[in-house]
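Here's the structure, in structure tokens; my notes come after.
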Amino acid sequence: NPGMFVLGQPGTGKSTLVKRLVTGSVATGGIALILGDTKPDYTLLTEHLGGQVIRIGRGLDRINPLDSGPLGQALRRMTGPDADTLRWEVRSRRLSLLLALCTLVREERIGNAEEVILGRAIDLLDEPLEGREPAVPDVLAVIEQGPDILRSAARTSTVGRYQQRVADLVFTLDLL
């Protein structure tokens, strides 16, 4: 479980040292992950070593927190109880990540009712949409539509009451 933290004064060769360590690690079959390269110090090295650079930000690549990845690919080939177990795992991961992102944006915990509503919305989007994975805008759209299953999960009997219950959640998702 190799891990490293490098700390030092500016201009003392930290980046040079880390680049040499990464190069040596990759040369011996290791996999280096460089997360949050803000300067960027490691982009050219990563490209030179044949690695993948993912640029994120406004107008750049995006990361879909609801993408099921390899688990979704496996799930499409499975049936029976094992498929049900894996489907529950994918759902749990989607919900956990979406809750974490909402908490970060809102800077406070998501309420219990909102968590239940998010879970039901993810359930409604369980099947891929037109050959693609669901994304945050899809969750927002289904919550704004307020189908019966979501109004029931929100424990509301009227559309107006439902809209009141999800108003903060809609703004939070819109910020994502």
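Numerical summary
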| quantity | calculated |
| --- | --- |
| Among (1) assigned to a loop (DSSP other than H, G, I, E, B); (2) at pLDDT below 90, the one test that Gly8 misses | (2) |
| Residues (basic (Lys, Arg) and open to solvent by 70 Å² or more (accessible area, probe 1.4 Å)) located in region 133-167 | Arg155, Arg161, Arg165 |
| Residues (touching a residue at least 60 places away in the same chain (Cβ under 8 Å) and either in contact with a His (Cβ under 7 Å, 6 or more places away or on another chain) or not in a helix (DSSP H, G or I) (or both)) located in region 145-174 | none |
| All helices (runs of 4 or more DSSP H) inside region 60-144 with 3 or more residues being hydrophobic (A, V, I, L, M, F, W, C) and in contact with a strand residue (DSSP E or B) (Cβ under 7 Å, 6 or more places away or on another chain) | none |
| Residue identified as open to solvent by 100 Å² or more (accessible area, probe 1.4 Å) and either in contact (Cβ under 8 Å) with a residue 40 or more places away in the chain or under 30 Å from Cys102 (Cα atoms) (or both) among Leu66, Leu33, Leu75 | Leu33 |
| Positions within region 110-119 being surrounded by 12 or more Cβ atoms within 10 Å (Cβ to Cβ) and either over 17 Å from the mean Cα position of the chain (by Cα) or without any contact (Cβ under 8 Å) to a residue 40 or more places away in the chain (or both), in sequence order | Gly111, Ala113, Glu114, Glu115, Val116, Ile117, Gly119 |
| Only one of Glu89, Glu130, Glu107 that is surrounded by fewer than 16 Cβ atoms within 10 Å (Cβ to Cβ), modelled with pLDDT of 85 or more and at positive phi | Glu107 |
| Condition met for Gly51 (closer than 19 Å to Val142 by Cα, over 16 Å from the mean Cα position of the chain (by Cα) and open to solvent by less than 50 Å² (accessible area, probe 1.4 Å)) | no |
| Qualifying residue in region 19-31 (condition: basic (Lys, Arg) and not in a loop (DSSP other than H, G, I, E, B)) | yes |
| Index of the failed condition, Ile122 passing every other in (1) open to solvent by 50 Å² or more (accessible area, probe 1.4 Å); (2) within 21 Å of the chain's Cα centre (by Cα); (3) of a type outside the set (Phe, Trp, Tyr) | (1) |
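The values are calculated or read from the model by the stated rules, or taken from the named source; none is laboratory data. Keep in mind the model is a prediction, meaning the values are calculated, not measured. Cβ coordinates were reconstructed from backbone atoms using ideal geometry, including for glycine residues, and neighbour counts include every protein chain displayed. To get the accessible areas, we keep the full protein, side chains included, count just its heavy atoms, and leave off ligands, DNA and RNA. Shrake-Rupley method; radii C 1.70, N 1.55, O 1.52, S 1.80 Å.
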